[in-house]
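Student: I have a structure here, written as structure tokens, and I will follow up with some questions on it.
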Amino acid sequence: MIPCNPLTTEELALIFEGDQTQPMYVYQDGVPDELQVLKTNCTEIDPQDTNVKMLIARMYKTVADGDRAGVGIAAPQVGLARRLFLVKRFDKANEPFEFFINPQIVWYSAVLQQGDEGCLSIEDRYEAVYRSLAVQITYFDLEGNHYQEVVEGYTAVIMQHEYDHLNGILFTDRVVEQEERQYEDATLETPLVYEV
Ligand SMILES: [Zn+2]
């Protein structure tokens, strides 16, 4: 089912503050009003709203050509608490950016991978985070078609990071959460202890 949540006047003003050649301002976790947006559980966006195309074009400019280039960006990072993100597809030829409207991660692999992450909304912080090695994601395109696919590796890590943004979760929240947990290294056998 395609949701219908029209963009607000404020959201449209943000989108049309510049044209499609101009990056958008990226909200920062150190600014209280902006952090509030970054911590919001985002609402769905109408894929067939013609303004969404412009938003995607400007988010692309922001992540590809902004002051800091990135590998993914979510709508709340440019001030719209909406369920939309862009991800660089390292698993495809020429590594294109692709957009995902109203995405849902419907399956996370139990096997995890650990890698360093940073965020366009968090300055000068890079830390190791555990993520699922593979995920299954569903999403819409601009025509309202619904898709699903299974993605793995680094691209899956980016998707999980961006999907967290839509639920108001930053990677630094994951770092704190994971400090409490114990992880087993799947590459190591349980060491045998010989008594001598
Ligand atoms: Zn981020």
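No lab work stands behind these numbers, since they all come straight from the coordinates. Bear in mind that the values here come from a model prediction, so they are computed numbers and not experimental data.
Student: Rounded to the nearest 500, what is the chain's calculated 222 nm mean residue ellipticity when only DSSP H runs of at least 4 contribute -39500 (n - 2.57) each, over all residues? Let's see the in-between values first.
Tutor: Working: 5 runs with 51 residues, N = 196.
One gets -7500 deg cm²/dmol as the mean residue ellipticity at 222 nm.
Student: May I pose another question? Which residues' amide hydrogens lie under 5 Å from the amide hydrogen of E117, considering only partners 5 or more residues apart or on another chain, with H built in the peptide plane?
Tutor: Counting only residues 5 or more places away or on other chains, the set is E127, A128, V129.
Student: Using θ = phi - 60° and the Karplus curve 6.51 cos²θ - 1.76 cosθ + 1.60, what whole-Hz ³J(HN,Hα) does each residue of the stretch 99-106 get, with Gly and Pro shown as x?
Tutor: My calculation for the stretch 99-106 gives 9, 10, 9, 6, x, 9, 8, 9 Hz in order.
Student: Quick one: work out Rg over Rh on the C-alpha atoms of the chain, Rh as Kirkwood radius. If you can, show how the numbers build up before the last one.
Tutor: On the way: Rg = 18.1 Å, Rh = 17.7 Å.
Using only Cα positions, Rg/Rh for the chain is 1.03.
Student: Tell me, rounded to the nearest percent, the portion of alpha carbon pairs in the stretch 1-100 spaced more than 25 Å apart.
Tutor: Summing the P(r) tail past 25 Å for the stretch 1-100 gives 16 percent.
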